[in-house]
Amino acid sequence: MSKSWQIREVAAADHEWVEQFMEQHWLTSYVVVRGEVIFPANLPGFACTDEDTVLGLLTYRVQDSLCEIISLDSLREGEGIGTALIQAACSAARKQNCQKVFLITTNDNLPALGFYQKRGFCINAVFPGAVTQSRQMKPEIPLLGISEIPIRDEIELTFDL
């Protein structure tokens, strides 16, 4: 099967569908990371599309020499979409003279932990109880996650550019 999708930069005109995408896949149009409310639709990013169909989305922000991936979704696993989106973000980070790319995931998200580590990311920090605090700002965060694992902690992974 040949690849029919492509990666493109998210444009200002994409704001509305990015917001809807987040609501559909993340329960709200915002995320809470380390006690901060972030609206991915307001951030730069990359979309994976096949004609008019969105197959994946990555949003990020750059602060100082760090690029933080805020959200990453691939709607078709095993096709390289997530990897291609990360590569696009790393390329954008290099152009902005970033030294590292990092992200936060939760302790229950074992598939993501494996995915990122296979792509060169390393666990850099664990923030025990951080999700419990985030839940105060975003009560939609479920108590139980993947495989019924209690969602409690945030895990930071980094990739050196």
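The values are calculated or read from the model by the stated rules, or taken from the named source; none is laboratory data. Owing to the predicted nature of the structure, the values given are computational and were not obtained by experimental measurement. Neighbour counts run over all protein chains shown; Cβ positions are idealised from the backbone, glycine included.
Within region 57-68, identify whether any single residue is modelled with pLDDT under 95, at positive phi and either out of contact with any helix residue (DSSP H, G or I) (no Cβ under 9 Å at 6 or more places or on another chain) or β-branched (Val, Ile, Thr) (or both), and answer yes or no. Yes, some residue in region 57-68 is modelled with pLDDT under 95, at positive phi and either out of contact with any helix residue (DSSP H, G or I) (no Cβ under 9 Å at 6 or more places or on another chain) or β-branched (Val, Ile, Thr) (or both).
The number of residues in region 1-53 that are of a type outside the set (S, T, N, Q), more than 20 Å from Ala89 (Cβ to Cβ) and either in contact (Cβ under 8 Å) with a residue 60 or more places away in the chain or in contact with a Cys (Cβ under 9 Å, 6 or more places away or on another chain) (or both) comes to 4.
Highlighted here are the strands (runs of 3 or more DSSP E) found entirely within region 58-130 that include at least 2 residues which are surrounded by 18 or more Cβ atoms within 10 Å (Cβ to Cβ): 66-74, 100-106.
Determine whether region 92-103 contains at least one residue that is under 29 Å from Ser147 (Cβ atoms), touching a helix residue (DSSP H, G or I) at 6+ places or on another chain (Cβ under 9 Å) and of a type outside the set (Phe, Trp, Tyr). Yes: one or more hits.
Yes/no per residue for (1) at pLDDT below 95; (2) surrounded by 14 or more Cβ atoms within 10 Å (Cβ to Cβ); (3) over 20 Å from Glu68 (Cβ atoms):
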position	(1), (2), (3)
Ser4	yes, no, yes
Ala12	yes, no, yes
Gly35	yes, no, no
Pro40	no, yes, no
